[in-house]
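Accompanying notes for the structure given below.
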Amino acid sequence: MRTTLTVLAVVAGVAALLTAPAAAASPIWEDCPFEGPAECATVAVPVDYRNPDGRQIDIHVSRLRSTRPDLRRGTLIMNQGGPGPHLADTASVHEQLPKAVLDAYDVVSFDQRGFGASAPVRCGLSPEEQFTFAWPLPGGEPAMRDRARTIAGKCAGQELMPFLGTANVARDMDRIRAALGEQRITYFGVSYGTYLGTAYDAMFPGRVKRMLLDSNVNPAAAWRGTFREGMTTGVAVRFADFAAFLGQERDEAERTFLDLVRGLDRDPLVTPSGTLTGTHLRITLFAGLYQDEAFPLVARMMTAVRDRDAAAAAEVGNELRVWYDDDNDASAELGVFCADGTFPRDPGAYAAPAAVDARRYPLTGGAGAAIMPCAFWASDPIDRPVTANPRGRQNILLVNNLRDPATTYGAATALRRQYGDRARLVGVERGGHGAYLFDGNACVRQLGTDFLVRGVLSADMTCPSVHAGLAGAVERLTSVENVPGAAAEIRDFRGVAQFQSGSAEPGRPMSATDRVRVFSNTKAFVATVVLQLVAERRVELDAPVERYLPGLLAGRQVTVRQLLQHTSGLPDFGAPVLDDPGGYYRHRFDRHTPEALIAGVPAQPPLPGGFHYSTTNYLVAGMLVEKITGRPYATEVENRILEPLGMTNTVLPGNNPAVPGRHARGYAHLDDEDRISDTGRRIDVTTFNPSLVWAGGEAVSTLGDLNTFLGALLAGRLLPPAQLAEMRTTVPTDLIPGAGYGLGLIRVPLSCGGEYWSHSGSGLGYSTRAGATTDGRQVSIVITTSPATPAQSKVVLDAVDTALCE
């Protein structure tokens with residue numbers, strides 16, 4: 001699905017009710033012109049189906065075979081919108097479709113006629129002529145009419161143009177079905193692909209086994225009605241989400257945006273990548289409304305325009321492809337829309353509706369109603385527009401976001417009515433374009449997969465928004481709080497959801513499955529092992545440490561419980577790698593032993609009574625474990641926790657300064673004296689010897705493993721009830737307002753009532769926070785910078801609360 005200034009995957013036309021002629025010959029499969037396991041072939045089709053023996057063209061097709069013949073159910077033909085070229089979609093579909101769908105189907109995609117490798121058309125359009133929508137021009141309606149007439153004239157000489165309509169694409173798709181030897185297909189269409197699916201089902205009744213349509217076009221309104229609805233109510237409703245992201249009232253945000261548009265219309269901003277006009281800013285907004293993750297880019301572009309920052313504007317514009325230049329794509333899109341025959345041929349029919357829309361919906365300036373090149377198109381439509389076929393089996397599932405700016409929820413409800421009892425509609429409580437394939441909403445994902453794989457058609461319903469607050473917080477951490485990378489994973493009764501933003505390392509995006517240093521979360525592992533030893537009657541919680549480690553603490557009366565609860569009074573030890581000028585570069589490879597680290601601690605005065613967080617306590621706890629068991633504490637953690645729970649991504653690296661496996665890199669800052677700080681010059685601090693914190697913080701893990709651990713711990717899978725109760729008996733702590741510290745576990749009140757149990761881990765380069773409730777919810781968050789600023793820490797802490805309260 002394309003989200004560029006041209007069509008931005010809004011959708012496209014459909015036509016006709018003819019029957020395709022004889023089946024195509026069996027294709028010859030070869031390697032594809034792109035990497036991956038897919039195979040490619042061509043299927044010959046007639047240019048004009050009224051003359052099936054006339055000139056032929058090749059439709060280029062790709063196929064990703066199921067690797068599970070025992071589970072295979074047939075062929076799924078897919079169109080991800082546009083209209084556009086989709087030959088290479090099979091190269092990435094394994095990253096988008098659930099494994100159950102990939103197991104069940106051979107997935108097929110193709111460059112539709114006129115696009116890509118399938119007889120491409122080119123009108124010779126300049127970049128300024130390649131906008132699909134008729135965005136406002138400084139010269140007003142006369143200039144827009146001249147632009148439309150010029151484009152139509154350039155396209156008039158393209159022989160294939162009259163035959164690009166969606167009805168012919170549907171006929172081509174049936175030729176592909178026949179060439180594959182399939183009696184029926186399963187179809188999955190997104191945006192324009194929903195209109196293609198509607199056409200195919202109507203033109204070839206009985207040949208669709210199941211049809212999943214995502215982000216739906218109302219065939220009774222296409223295309224001008226579709227464009228108008230998206231550019232008016234669609235954008236207006238969705239813009240409220242963007243305003244909320246900015247922290248502004250909707251009217252205030254709209255005034256700010258339109259002031260910037262008018263300023264660019266008066267004085268365009270010349271950037272290294274191209275000239276930025278008011279039209280380009282409108283395009284930036286429309287593209288950004290497709291996904292919440294793009295909001296920061298729109299905000300950055302608005303800031304760049306306000307500040308007349310040409311370099312920043314160019315950077316954002318390049319990422320959103322604002323300066324678009326693809327003559328084939330733009331030409332063929334117009335060919336589809338105009339061949340579908342849904343635009344008035346009277347040039348005078350456009351100005352008044354466009355003026356009305358511009359007044360009522362100024363964000364888009366009447367772009368959905370303004371004059372299109374179709375008004376001057378050289379050829380008349382061959383096929384009649386298609387209507388939905390309400391006759392047939394119950395085999396259609398429609399899914400649509402409630403605040404889709406392009407294919408509105410209103411369009412989906414209209415299509416649902418047209419299909420009658422054949423279809424069901426699942427709305428998704430969110431904004432943006434694309435619900436099943438791109439959104440990650442666990443509810444619609446499950447319903448769509450169950451439909452495709454098992455044929456289970458749900459009732460009409462609305463899926464709730466899944467952890468939208470958490471997703472927004474993760475994005476805010478990188479776009480607003482300037483952390484290099486952020487990620488979160490949450491688990492609840494709906495399944496597992498992951499969010500990530502920023503970069504894991506230069507050139508690779510952050511992933512919620514990346515390994516990171518989790519530092520003091522190690523303390524919860526150690527506390528669990530000690531309590532297991534208590535349950536085995538090998539250690540007594542209220543016994544003095546002196547009984548097990550004689551002489552270590554120079555006779556201080558410290559109990560095992562006090563170690564685990566940070567009430568021992570033992571002060572922390574120094575860390576030159578953190579505290580000294582230039583300490584990171586001079587000490588990052590230093591090797592440490594727990595004995596050496598705590599050697600000077602007993603001579604220091606004890607801390608006053610009560611809770612005082614000190615990693616010294618857990619160095620002693622780790623030594624206690626080793627003394628009682630006769631094995632390294634890390635071995636005990638592995639044998640008692642990691643292996644039983646399948647925490648295969650968690651390691652205790654000892655003296656290894658590298659983070660093993662695929663990981664996100666961690667960053668810190670240096671102040672003016674080259675000390676580690678939360679602000680200043682950013683440096684990469686991924687590499688350092690974690691023996692500095694040993695049993696108090698050396699673990700490397702993933703968000704998923706942290707959630708696994710906390711879920712199992714609170715479910716009683718690691719400790720008997722008596723020891724779990726001891727672990728959850730807390731004393732007041734100043735770590736978090738209202739919190740209490742137990743034995744390696746923190747109790748934190750929830751803003752929505754109740755509490756969650758947590759630990760956190762912050763050290764060089766990484767800050768993590770995990771939380772879990774006793775009813776089975778877990779969430780873990782990481783940012784790849786530490787020490788964190790107070791603002792960054794607050795966003796993370798608030799995000800845990802939000803995630804567990806949503």
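Loop-located trypsin sites (Lys or Arg not before Pro) across the range 428-537 with a Cβ neighbour count of 13 or fewer within 10 Å are Arg537, with loop assigned by DSSP. Each 10 Å bin from zero up to the one holding the largest Cα-Cα distance in the chain carries the following percent of pairs: 3, 13, 20, 20, 16, 13, 9, 5, 2, 0, 0.
Between the alpha-carbon centres of the range 711-744 and the range 533-575 there is a gap of 18 Å.
Between Arg55 and Glu595, full extension at 0.36 nm per residue minus the direct alpha carbon distance yields a gain of 185.9 nm. Using the rule -39500 (n - 2.57) for each DSSP H run of four or more residues, divided by the residues of the chain, the 222 nm mean residue ellipticity is -10000 deg cm²/dmol. The share of C-alpha pairs in the range 385-440 whose separation exceeds 14 Å stands at 54 percent.
Separation of the range 601-676 from the range 161-227 is 58 Å, based on Cα centroids. Can you tally the net charge around Pro296? Count Lys and Arg as +1, Asp and Glu as -1, for every other residue whose Cβ sits under 12 Å from the Cβ of Pro296. Net local charge, Pro296 excluded: -3.
Listed by chain and number, the lysines whose alpha-carbon sits under 30 Å from that of Lys794, ignoring those within fewer than 8 places in the same chain, are Lys523. The residue among Asn400, Thr413, Ala488 whose Cα reaches farthest toward the positive pole of the charge dipole of the range 382-494, with charges on the beta-carbon of Lys, Arg, Asp and Glu, is Thr413. Relative to one another, the C-alpha centroids of the range 784-799 and the range 239-312 are positioned 28 Å apart. Solvent exposure of the range 87-226, expressed per residue, is 27 Å² of accessible area, with all protein chains present and a 1.4 angstrom probe.
Relative contact order for the chain: 12 percent, from Cα pairs under 8 Å spaced at least 6 residues apart, divided by residue count.
The C-alpha atoms of the chain define a longest principal axis, and helix 140-155 lies at about 80 degrees to it.
Would you tally the net charge around Arg476, using a Cβ to Cβ cut-off of less than 13 Å, leaving Arg476 out, and scoring K and R as +1, D and E as -1?
Numbers: positive: Lys794; negative: Asp292, Glu293, Glu475, Glu481, Asp798.
Around Arg476, the charge tally is -4.
Axis angle, to the nearest 10 degrees, between helix 442-454 and the longest C-alpha principal axis of the chain: 60 degrees.
Binning all Cα-Cα separations of the range 320-434 at 10 Å, short to long from zero, yields these whole-percent fractions: 12, 25, 39, 22, 2.
Solvent exposure of the range 517-594 amounts to 40 Å² per residue of accessible area, where only protein heavy atoms count and the probe is 1.4 Å.
Surface composition of the chain: carbon plus sulfur atoms hold 50% of the accessible area, using a 1.4 angstrom probe and ignoring ligands, DNA and RNA. For a straight C-alpha distance cut-off of 12 angstrom, the aspartates and glutamates reachable from Lys209 (same-chain residues fewer than eight places away being disregarded) are Glu182, Asp201.
Pairing the Cα long axis of helix 351-360 with the longest principal axis of the chain, what angle in degrees results, from 0 to 90 and rounded to the nearest 10? The helix 351-360 is inclined about 20 degrees to the chain. Accessible surface computed residue by residue for the range 620-684, with neighbouring protein chains in place and a 1.4 Å probe, gives 45 Å² per residue.
The values are calculated or read from the model by the stated rules, or taken from the named source; none is laboratory data. Source: prediction; values computed, not measured. Neighbour counts are summed over all protein chains in view; Cβ atoms, including those assigned to glycine, are modelled from backbone coordinates with ideal geometry. Please note that ligands, DNA and RNA were not included when accessible areas were found on the heavy atoms of the full protein model with its side chains. Shrake-Rupley method; radii C 1.70, N 1.55, O 1.52, S 1.80 Å.
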